[in-house]
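The structure under discussion appears below in the form of structure tokens.
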Amino acid sequence: MGPGDPEELVAKRLAHLKRGTPYVFQRIRPDGTVLEIRGQPMPAGGFVTSYTDVTEYVRAQRALEEANESLERRVRERTRALSAMNEELLAAKAAAERADQSKTRFLAAASHDLLQPLNAAGLFAGALTQKLNVWKGSNRV
């Protein structure tokens, strides 16, 4: 009859029978067998109780629950790993963008520094050409 006081267990079952209340429960026997016990009142009086060995069903259900828990745990672990990798990628992208901006500023400054003397030389050459033209023009007269 299961764990507990046998008198109380019998009284509980008799109360179900007297009320005509249907019931379903599972009992695990000492050898590990799981029985599903169903009680159903009959329309003309009486009561039908069926006993079904559901041991394999319960084992399969437990195995599915364990597999589901294992899968959920793996999904959580992978999600954490992917989140960490995503954060690393975002940090690397930000560093690359900073390096690109730094390179752009450097090239702009270097270009300015290289072109400034060339522009000055061009202006100087232009000024010399003007002086030369002025000088040549004054000697012709």
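Mind running the shape call on region 1-61? Use the C-alpha gyration tensor, a ≥ b ≥ c as the square roots of the eigenvalues: rounded below 1.5 for a/c, prolate if a/b tops b/c, oblate otherwise. Walk me through the numbers before you get to the answer.
Working: a/c = 3.32, a/b = 1.46, b/c = 2.28.
The shape class here is oblate.
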Mean-position separation - Cα centroids, region 1-31 and region 59-110, in angstrom: 55 Å
Nearest-ten-degree value, helix 55-140 long axis tilted from longest Cα axis of the chain: 10 degrees
Rounded to the nearest 10 Å², the accessible area of His16 at probe 1.4 Å: 40 Å²
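Report, in deg cm²/dmol and to the nearest 500, the calculated mean residue ellipticity at 222 nm for the chain, where each DSSP H run with n ≥ 4 adds -39500 (n - 2.57) and the sum is divided by the residue count. Could you put the intermediate results ahead of the total?
Numbers: 2 runs with 100 residues, N = 141.
After summing the helix terms and dividing by the residues of the chain, the value is -26500 deg cm²/dmol.
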What percent do you get for the relative contact order of the chain when only Cα pairs under 8 Å and 6+ apart count? 10 percent
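Carbon and sulfur atoms: what percent of the 1.4 Å accessible area of the chain do they account for? Numbers along the way, then the final one.
Working: 7110 of 11900 Å².
Roughly 60 percent, rounded to a whole number.
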So what's the angle, to the nearest 10 degrees on a 0 to 90 scale, between helix 6-19 and the longest Cα principal axis of the chain? 90 degrees
Area accessible to solvent at Ser111, 1.4 Å probe radius, in Å²: 50 Å²
Report the residue, chosen from Asn68, Asn119, Asn86, that carries the largest GNM mean-square fluctuation when the chain is represented by alpha-carbon nodes joined by springs under 10 Å. Asn119
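Which of rounded, prolate, oblate describes region 64-104, given a ≥ b ≥ c as roots of the alpha-carbon gyration tensor eigenvalues and a/c under 1.5 marking rounded, otherwise prolate only if a/b is larger than b/c?
Details: a/c = 10.77, a/b = 8.79, b/c = 1.23.
Prolate shape, in that a/c is at least 1.5 and a/b is the bigger ratio.
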When the chain is treated as a Gaussian network with springs between alpha carbons less than 10 Å apart, the largest mean-square fluctuation among Ala60, Ala95, Ala127 is found at Ala127
Dividing the convex hull volume of the alpha carbon atoms of the chain by its residue count, what do you get in Å³ per residue? 252 Å³
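Taking the Cβ of Tyr51 as the centre, find all other residues whose Cβ is under 10 Å away and add up their charges (Lys, Arg: +1; Asp, Glu: -1). Could the numbers behind the result be given before it?
Details: positive: Arg27, Arg38; negative: Glu36, Asp53.
Overall, the nearby charge balance is 0.
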Heavy-atom accessible area per residue - region 11-61, 1.4 Å, Å²: 73 Å²
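The values are calculated or read from the model by the stated rules, or taken from the named source; none is laboratory data. Just so you know, these numbers come straight off a predicted model, no measurement behind them. Quick reminder, even Gly has a Cβ in these numbers, built from the backbone with ideal geometry, and neighbours come from all protein chains shown. The accessibility values were calculated without ligands, DNA or RNA, using every heavy atom of the protein model including side chains. Shrake-Rupley method; radii C 1.70, N 1.55, O 1.52, S 1.80 Å.
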